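Asker: One structure, as structure tokens, below. Some questions next.
Values in this text are rule-based calculations from the coordinates and carry no lab data. Since we're looking at a predicted model, the values are computed, not measured. Glycine also receives a Cβ, built like all others from the backbone with ideal geometry; neighbour counts cover every protein chain displayed.
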Amino acid sequence: MDKFQTTCPYCGTGCNIDLLVKNNKIVKAEPTKGHHVNDGELCLKGLYGWEYVHSPRRLTKPLIRKKDGVFSKKGELVEVSFDEAYDFVASKMKKTVDEYGSDSIMGFSSARCTNEDNYAFQKLFRMQGTNNIDHCARL
Amino acid sequence: MTNDLTEFATDTEVLFLIGTNTSECHPIIAMQMLRGIERGAKMIVIDPKETDMAKKADIYIQTPVGYNIPFLNALINHIIKEDLFDKEFVEKYSHGLEYVKYAVADFTPQRVEKETGIPASKVIEVAEMYAKAGTAAICYTMGMTQFIDGTSNIFSLSNLAILTGNLGKKGAGVNPLRGQNNVQGACDMGALPNVTAAGLVTDEGVREHIKSIWGKEISSKPGFALTKVPHEIEEGKIKFLYVFGENPVMSDPWTEHFIEAVEHLDTMVVQDIFLTETAQKADVVLPAASWGEKDGTFINTSRRVAYVSKAVEPATGIVPDWKVICNIAQRIGLQGFDYYKAEEIWDEVRKVNPRFFGGLSYARIIKENGISWPCPDETHIGTPVLYEDKKSMLPDGKFKLVPVIYADDKNDRTKLEKELINHLNIPNDYPVGSGALSEKVNEEYPCLFTTGRKVYHYHTGTMTRECKPLEMGADIMGPAIEVSEDIALARKLENDCYAIVENKRGKIAAKVKINPDLRHGTIFTTFHYAEADGNELSNAEDTDPLSGMNPLKMTIAAIRKISEEEFIQVRESTDMHMHPSEQYRTVRR
């Protein structure tokens, strides 16, 4: 079994957790002993809140709303390839900026994700000339 | 937080908790506080709900939802009147004592008693316990900020800390207990409409500095705040919305309005790990790696930068969020998104804000189990306590005492603020605050309605409801509408009967739980459950003029008992949620 020390993904306390991993599956979470923040203790969510990582309902393929095989607001979400999804988002974003200006795009970033994710996301918007970026800290 | 959360255990003499249900929402911080109490620390709790921490407190005050500024001003009034403030600290390190003195003059402990029934003697007891402590720590959460006067609430709290010299020392400070793992980090990274990782977008020096790293000029015009977005979409100003790692359909106030607004978008992209209630409304859904499947860093509530480790490989094709974002940026043709690993992004952040992060390499963060910013170089030990030199981050290095007044009618706030500014000759660039209630109970909606969390779940439940020991174990009872005893009595509600709570924005139906810990006239529920999400009713129309925050913690509502048939009908008509488990729905019925 492998052990990885990490930081809890729930509230802002920042408890450290040792994840025990077997065959690429998390099997147990233990509080990191002697850690400055949580000193060998964890709450219920820290101890048992990791199962979602392996949920069968996790998204594994991109989806685009389509009707009769083409994008349509009135369509249903259907699975597409990663290339198609990335190309589609990039072209829509570019087209919106070209047509309506930089401030017609808006991003909701995530207080649930890493610094690196958040930095990349705000850079994506600011590099296109807008400061229309906010996140769920308020909620 | 100005301070480190472990100081509650080791140094704080008086804990001042307001608008936080710490044991439910931050159990490990509560543990550190209880260690402090074992050591001999005293605790004051102020909240409309008599929480577990309130039951352990030396003094507990049950305020009405939203009644914060008159109460805090009364504390300040007593502290000034009785000369309990730290004269040396105030004189040497702050401005504005005269302004605050004037603003609190009418707010006596007796007025609080008259308006709420809270005995004046108890208000005085709180003021004296806080002011006389050697080190006192103020702790708060959204029970202070999610109001139309949230910013002014925090001005009042910082006034208390400045007046009593409770800044720049261990165990003291003004401490927002952050609700989400990386709120601090998302703000520090510049995921805000007016702030970049280097500072304000309106600051030319900041823009120059970013240009020197990105090779591109950024806009000087602040963007839209999240709370304005539904309106800006309806106005046709926002055409393309990209949401990642967030579930605004459930977490934003007034669900129905938000859903209606996003239908007007040309394109809505949602990037997430599940087909959330928000993703179901999207035009494009992009999957990404979750926690446990990617490396990176979070910054906790004590500004401590900590490492997040990859433990397992994600499914084929699934990459971290930053990589999805870079894939899109590169296809648009943007430069500067060719990062090979997360650490390269972090090293760019260190260049953008060397004052905070210069000394924080991945190697050091891992080796030292996290370090609090500012940490400008590799030899700096980090800063668990801010302001130890008694200097604020403002240009003149002084702390500002901010006068906060109160308006009986929310529409009078600007007028009253102007009168105060004119009367005292307050300079234009000096902050002034004001309080008011966003809504007042009336005949149609006679109850105060507020929301919060349960210890078993997290926010909109996207992750925790997919964990069986939480969803099917500890929390098998599911959503409940908690009511105070007087509400139950007047409407003949019993435990486990069905009820509907509604106001002009929306309605939810769930089983009733009579909660004697709630102040009279109060209804409480969570926003964990798509089948009964408190935010269906939340106020999205009013905002804090300074922060743009909606009053999510306060609205008005009516409640009535309903039959099981009506309950099922309401539930089916509002069903949108992503956890399709008939099993527990039947149990919970």
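Asker: Across the Cα atoms of the protein assembly as shown, what radius of gyration and what greatest pairwise Cα-Cα distance (Dmax) are found, in Å?
Answerer: Over the protein assembly as shown's Cα set, Rg and Dmax evaluate to 24.8, 76 Å.
Asker: Relative to the longest principal Cα axis of chain A, at what angle does helix A:82-100 sit, 0 to 90 degrees, rounded to 10?
Answerer: The answer is roughly 60 degrees.
Asker: To continue, here is another question. Other chains' Cβ within 10 Å of B:243-251 residues: what's the mean?
Answerer: The mean count of partner-chain Cβ atoms within 10 Å per residue comes to 6.
Asker: Another question, then. Please compute the net charge surrounding A:P31, taking Lys and Arg as +1 and Asp and Glu as -1 over other residues with Cβ under 9 Å from its Cβ.
Answerer: With Lys, Arg at +1 and Asp, Glu at -1, the net is -3.
Asker: Please work out whether the range B:230-271 counts as rounded, prolate or oblate from its C-alpha gyration tensor, where a ≥ b ≥ c are the square roots of the eigenvalues and a/c under 1.5 means rounded, while otherwise a/b larger than b/c means prolate and anything else oblate?
Answerer: oblate
Asker: So, one more: Taking B:K418 as the anchor, which aspartates and glutamates have their alpha carbon closer than 14 Å to its alpha carbon, excluding any fewer than eight residues away along the same chain?
Answerer: Partners found: B:D429.
Asker: Follow-up question, since we're still on this one. Just from its helices, what would the mean residue ellipticity at 222 nm be for chain B, if runs of 4 or more DSSP H residues each count -39500 (n - 2.57) and the sum is divided by every residue, rounded to the nearest 500 deg cm²/dmol?
Answerer: Helix contribution divided over all residues of chain B: -9000 deg cm²/dmol.
Asker: Normalise the Cα radius of gyration of the range B:183-336 by 2.2 N^0.38 Å (N = residues in it) and let me know the number.
Answerer: Its radius of gyration relative to the 2.2 N^0.38 Å reference: 1.14.
Asker: For chain A, just the Cα atoms, rotate onto the principal axes and tell me the three extents in Å, largest first.
Answerer: 56, 35, 24
Asker: Give the share of C-alpha pairs in each 10 angstrom bin for the range B:7-177, from 0 to the last occupied bin, in whole percents, shortest bins first.
Answerer: Distribution as computed: 11, 42, 38, 9, 0 percent.
Asker: Counting each pair of different Cα atoms once, what's the Kirkwood radius of the range B:447-584 in Å, rounded to one decimal?
Answerer: With all distinct Cα pairs of the range B:447-584 included, I get 15.5 Å.
Asker: As a test of the formula, what do you get for chain A when each DSSP H run with n ≥ 4 contributes -39,500 (n - 2.57) and the sum is divided by the residue count, at 222 nm and rounded to the nearest 500 deg cm²/dmol?
Answerer: -8000 deg cm²/dmol
Asker: Right, something else. What fraction of the Cα pairs in chain B, stated in percent, has a spacing above 40 angstrom?
Answerer: Summing the P(r) tail past 40 Å for chain B gives 28 percent.
Asker: On a straight-distance basis, which lysines could pair with B:K492 in a cross-link, Cα separation under 23 angstrom, same-chain partners fewer than 8 positions away excluded?
Answerer: By straight Cα distance, B:K492 reaches B:K49, B:K507, B:K511, B:K513, B:K561.
Asker: Another question, then. Using a cut-off of 17 Å between alpha-carbon atoms, which aspartates and glutamates can reach A:K95, once sequence neighbours fewer than 8 places away in the same chain are excluded?
Answerer: Within reach: A:E84, A:D87, A:D103, B:D266, B:D283.
Asker: Ok, one more. Across every pair of different alpha-carbon atoms, what Kirkwood hydrodynamic radius in Å does the range B:290-419 reach?
Answerer: After inverting the pairwise mean of 1/r, the radius is 18.4 Å.
Asker: If you don't mind, there's one more thing I want to ask. Helix A:115-126 versus the longest principal axis of chain A: what angle, 0 to 90°, nearest 10, using Cα atoms?
Answerer: Once rounded, one gets 20 degrees.
Asker: Another question about this same structure. Would you work out the Kirkwood radius for the range B:410-503? I mean one over the mean of 1/r across all pairs of different Cα atoms, in Å.
Answerer: Roughly 18.1 Å, rounded to one decimal.
Asker: Can you give the average number of partner chain beta-carbon atoms within 10 Å of each beta-carbon in peptide B:147-153, as a whole number?
Answerer: For peptide B:147-153, the averaged partner shielding equals 0.
Asker: So, by mean Cβ neighbours within 10 angstrom, what's the order for B:384-395, B:173-184, B:234-245 with the highest one leading?
Answerer: The packing order, highest mean first, is B:173-184, B:234-245, B:384-395.
Asker: Moving on to the next point. Using Cβ contacts closer than 10 Å as the measure, can you line up B:Y362, B:Y67 from fewest to most?
Answerer: B:Y362, B:Y67
Asker: To continue, here is another question. Which of the residue pairs B:K398/B:K440; A:K67/A:K94; B:K415/B:K553; B:K114/B:K410; B:K92/B:K228 have a Cα-Cα distance greater than 31 Å in the structure shown?
Answerer: Violating the 31 Å limit, Cα to Cα: B:K398/B:K440; B:K92/B:K228.
Asker: While we're here: Students often check this: by mean Cβ neighbours within 10 Å, which of B:497-510, B:546-559 ranks highest, and how do the rest follow?
Answerer: B:546-559, B:497-510
Asker: Same structure again: Find the centroid of the Cα atoms in the range A:24-66 and in the range B:238-264, then give the distance between the two in whole Å.
Answerer: The range A:24-66 and the range B:238-264 have Cα centres separated by 26 Å.
Asker: Shielding of B:219-227 by partners, i.e. mean partner chain Cβ atoms within 10 Å per residue?
Answerer: Whole-number average of other-chain Cβ neighbours for B:219-227 is 6.
Asker: Per residue and in Å³, how big is the convex hull formed by the alpha-carbon atoms of the range B:168-274?
Answerer: Taking only Cα atoms, the range B:168-274 has a hull volume of 171 Å³ per residue.
Asker: Just order A:124-134, A:103-113 by mean Cβ neighbour count inside 10 Å, highest at the front, would you?
Answerer: A:103-113, A:124-134
Asker: Taking square-rooted eigenvalues a ≥ b ≥ c of the alpha carbon gyration tensor, is the range B:83-240 rounded, prolate or oblate, where a/c under 1.5 means rounded and, failing that, a/b exceeding b/c means prolate?
Answerer: Judged from the Cα gyration tensor, the range B:83-240 comes out prolate (a/c at least 1.5, a/b above b/c).
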